[in-house]
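For reference, the structure discussed in these notes is given below.
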């Protein structure tokens with residue numbers, strides 16, 4: 001691990017964390033916070049974006065498959081943006097508050113939507129960019 005890689009992860013993590021804080025707050029204030037819609041929106045949009053980047057790495061290669069992009073965007077930005085820990089805590093809090101159905105819905109909706117959107121992002125970019133040329137990352 002180099003100093004450059006650490007700096008890229010730091011910058012990406014800062015930008016991702018701020019972005020998550022902003023979007024989650026906007027969504028929460030917009031639709032209410034009795035259910036963690038903000039976290040769901042962040043995680044699903046992050047899944048779409050990381051899927052698109054993996055698709056670009058596969059179909060285009062080059063800069064999209066580089067270590068610098070991986071460090072800055074995948075590890076830093078998306079690592080700081082998406083949040084499994086908040087998802088888990090919010091799900092536990094729903095269950096502890098007697099909202100077992102909402103807790104279960106959160107687990108199912110988050111899991112299904114995130115996998116669906118990572119695949120959607122991946123295949124949309126691969127379809128637009130052309131045939132596969134390398135690993136997905």
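The values are calculated or read from the model by the stated rules, or taken from the named source; none is laboratory data. In this text the structure is predicted, and so the values were computed from the model without any measurement. No Cβ is skipped: glycine too gets one built from the backbone with ideal geometry, and neighbour counts run over all protein chains shown.
Residues in region 52-71 that are farther than 20 Å from residue 123 by Cβ and surrounded by fewer than 21 Cβ atoms within 10 Å (Cβ to Cβ): 63, 66, 67, 68, 70. If you go through region 74-91 and keep only what is surrounded by fewer than 21 Cβ atoms within 10 Å (Cβ to Cβ) and either over 16 Å from residue 43 (Cβ atoms) or modelled with pLDDT under 90 (or both), you end up with just 75. Pairs linking a residue in region 116-131 that is at positive phi and exposed (fewer than 14 other Cβ atoms within 10 Å of the Cβ) to a residue that is at pLDDT 95 or above and not in a helix (DSSP H, G or I), with Cβ atoms under 7 Å and 6 or more positions apart or on different chains, do not occur.
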